[in-house]
Each structure stands twice: as C-alpha cells, then as structure tokens.
1. From the Cα gyration tensor of region 334-405, with a ≥ b ≥ c the square roots of its eigenvalues, which class applies: rounded if a/c is under 1.5, or else prolate if a/b is larger than b/c, or else oblate?
2. Summarise the accessible area of region 156-214 (1.4 Å probe, protein heavy atoms) by the percent that is carbon and sulfur.
3. Take peptides 92-98, 356-362, 382-388 and line them up by average Cβ neighbours within 10 Å, highest first, as a rough protection proxy.
4. Semi-axes of the equivalent ellipsoid for region 150-200, please: Cα gyration tensor eigenvalues, times 5, square-rooted, ordered largest first, whole Å.
5. Using per-residue counts of other Cβ atoms within 10 Å, averaged over each peptide, order 171-178, 257-264 from highest down.
6. On average over all directions, what projected area in square nanometres does region 140-246 have, based on the convex hull of its Cα atoms?
7. What is region 88-146 by shape, rounded, prolate or oblate, if you read a ≥ b ≥ c off the alpha carbon gyration tensor as root eigenvalues and call it rounded for a/c under 1.5, prolate for a/b larger than b/c, and oblate otherwise?
8. Provide the net charge surrounding residue 351, with neighbours chosen by a C-beta distance below 9 Å and charges set as Lys +1, Arg +1, Asp -1, Glu -1.
Amino acid sequence: MTPARRPLGSADQSGPADPPGPAGVADLAGAAAPADPADLAGSADLAGLSAVAVAGSAGADGARLPGRSLVRVGPVSLLVRRRAVLVAGALTVLLLLAVVLSLSLGTPYVAPADVLRALSGAGTPYDLVVFDLRLPRVVLAAVAGAAFGVAGTLIQSVARNPLASPDVIGITQGAGLAATVALTSGMAAVLVAPTALVGGLLAAVLLFALGARHGLAAQRFVLAGVAVAFAFRALTEVVMLTADPIDGLRAQIWLIGTLAGKGWAEAAWIAGTLLVLLPVLAWAGWALNSTALDDDTARGVGLRPVARRIGLAGTGVLVAAMVTAQVGAVDFVALVAPQVARRLVRAERPPLVCAALLGALLLVLADLAGRRLLAPTQLPAGVLTAAIGGPYLIFLLLRGRRRSS
C-alpha cells in the first residue's frame, strides 16, 4: 500500500496538517512544484502566478492573505493589494487638485471655481486662457509624467536597482544625441522628435546587445546602461562644441527638458503609445510580481525569467524613448516616482499604476513651479525635477549608509 503523502507544513504524519496559506511561500522556493494545489494560494503573489489559478485552487484562502483582497469579475479573479488601491485613489485626488491649481495660477489669475465651470462647458470669460493657453501644457505634463513613471517602474524592476532609470541606462542620452544632431544641422523642427525617438531606440538596441549575455542579468544590464549613457553624453558634448552657438543653445534647452511651446500634439503621441501598449502594460503589471525571484525558482514554478525580463525592459525603453523624444530629457521623474510609490504602498516592488500617477503629479507640479517661481521668466521643467532628484539621491545614500552600519 502506498503511504499517504505528508502535507507541506505538517510536523507529524499522524497529526493534523497545517492549513495552506502564506507559509507555502517558503516551501515553494525550494521545490520544483508545490505538492498540493492549495499551496499556490500562499505563493501566487510572490511568484507572479495567474490570479485565476489562485481563485480556482485556493478559494477563500486567497482572501486571507494579509493586506490583499480577492476580486472576482465574471470568470476572472484578481488579487488586489488594498493599500495600493487607497494610495492610487489619494494620488488621483492630488493630481486633479494639482491640475486645477496649474490652470488657475498665472497671468491672468483664474479662480478655481471658474476653472471648473470652464472645464464643464458652462462658458466663462476665461475659456480662452484655460483651454488654449494652459490646458494643453498641463495635459502634456500629466501624460508625460505618467509615461516616465511607467518606464522607470519597468526598468527598475528588471534591473532590481532603485537607481536604474531611462536617464541612467542611456535611453535619454541616445535620444539627446540624436536631437542635438537634428537641432544643430538645420533639420526641420518637425523632424526633431522622430529623430530623437530613433536615437533612443538605437541606444536601447546597443544596451540589449551589451547586456543580453547571461539572460540579461540585472547587474550586467545596469553596467551596460551606464557605459552607453557616458558614451552618448560625450558624443553630445562634442556635437554641441562644434555647432553654431545659437543652435547649441537650442539643443541645450532641449537636453534640459521643457514643456514650453508644446501641447496637444506631443500629448497625443505619448498617450497614443500608452494606449497601443495597454495590453502589454496590463501583462507587465502582472509579470512584475516575478521579478524578485531568482531564475532557478522562477523556472521551478513554470515561468520563463529571461523572456519576461526582455519583454519588461523592452516595453520600458520604448515608452521612455517616446516620451523623451516629445518633451526632452526631463530627468529624475522616472527615477523618483517608482520608489516613492513603492514606499507609499509598502510593497516589495514598485506598483505600476501608483508610479504612473505619482510621475504625473510630480511633473505637473514641477511645470507649475517652473512657470511661477521666477515669473515672468520660465524655468524648464527639467530644472525643477533635477532639484527634486538631487535630494532624493542624497536620501538614498544616507539610507544606505544607515543600513550598512
């Protein structure tokens, strides 16, 4: 007679088995496949397994995972982190308030009540100011900030490094070199953004070529990106030094990153890219759950870690190249937004939706501050985001020193 198999977590074969749940995570890390389907409930969030499998195999046990709720929509079930939903709601409210504030402040000043009436279509004397002068730039700031947040989340999750972002791994520098060549060679203004997009994608191809060995390992990916960034930055300086001073100044403003003189067209390109990639981003939000696993554990639960990393990183660099081509090299938004969102949610990885909302909020506020701090002189949004990013890097340095001590 075949002896009964002892359930995971039980101390004695004759004693009662422990109920499956979060304790199954530790067992899953050392086994190629869990011994009981119910053990999947405790490890689904860590390993990135399908939420449908969680609902089908765990039943009510999935709802007992700490801080999470099981939401069913027809045949599909999703495991939702409750704190992430609350943070996303709060960030949405703050973003709407920032948009109204940005539409109000300026010359002339428009009362928030008049802004809301204008947006509702009621008709006010300030419709021209709200719709034609301010709304395009505010919408562009929100859309671009959200795209930066998404790109930073994907790249940092693949690199497993809070300092990895498009402006660190060379995507921004590749777009900047291409834009500098376009601006200093007399190319038509409408061709600057497409040229910058091509430059960012070429930088991504070079990055993947250098970092693809050993399955796009995290450390190699970051080091390859830093090398690409330094190389393209040096070439950009050479082009600017040999260019006409006026053209060099135009390129310098683009490299800093500004939203002045831009609006609906640029916002439409960025929003269109995000909409086209929406199915991929939905997959990415689920696939990010597995980025913390080492390759052996990921393969043990039926995942393909190398293909996932390439897909996530490719999506991130594509979004980063597109948004950089439209608004210039606005640094630090993609670096700061994912990690601040992760700390607000208290999660083990940056949450995609919260990072997008926080990126939009940061860039809307940075653009507002750039317009009003030294009015009538306008500061590029990239200057203000750099002012945010510098103290953030110092914070990371001091926090790392405290941990090491």
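1. Working: a/c = 3.95, a/b = 1.58, b/c = 2.50.
It comes out oblate by the Cα gyration axes.
2. Numbers: 1700 of 2300 Å².
Within region 156-214, the accessible surface is 74 percent carbon and sulfur.
3. Details: 92-98: 15.4, 356-362: 27.6, 382-388: 20.7.
Packing order, densest peptide first, comes out as 356-362, 382-388, 92-98.
4. Numbers: eigenvalues 153, 17, 7 Å².
They are 28, 9, 6 Å, listed from largest to smallest.
5. Details: 171-178: 30.6, 257-264: 18.2.
Final packing ranking: 171-178, 257-264.
6. Details: hull surface 29.0 nm².
Mean shadow area of the hull around the Cα atoms is 7.3 nm².
7. On the way: a/c = 2.01, a/b = 1.56, b/c = 1.28.
Since a/c reaches 1.5 and a/b is larger than b/c, the shape of region 88-146 is classed as prolate.
8. Values: positive: 81, 342, 349; negative: none.
Neighbour charge sum, excluding residue 351 itself: +3.
The values are calculated or read from the model by the stated rules, or taken from the named source; none is laboratory data. What you see is a predicted model; the values in this text were computed from it and never measured. Using ideal geometry, Cβ is built from the backbone for each residue, glycine included, and neighbour counts are taken over all protein chains shown. Only protein heavy atoms, including side chains, enter the accessible area calculation; ligands, DNA and RNA are left aside. Shrake-Rupley method; radii C 1.70, N 1.55, O 1.52, S 1.80 Å.
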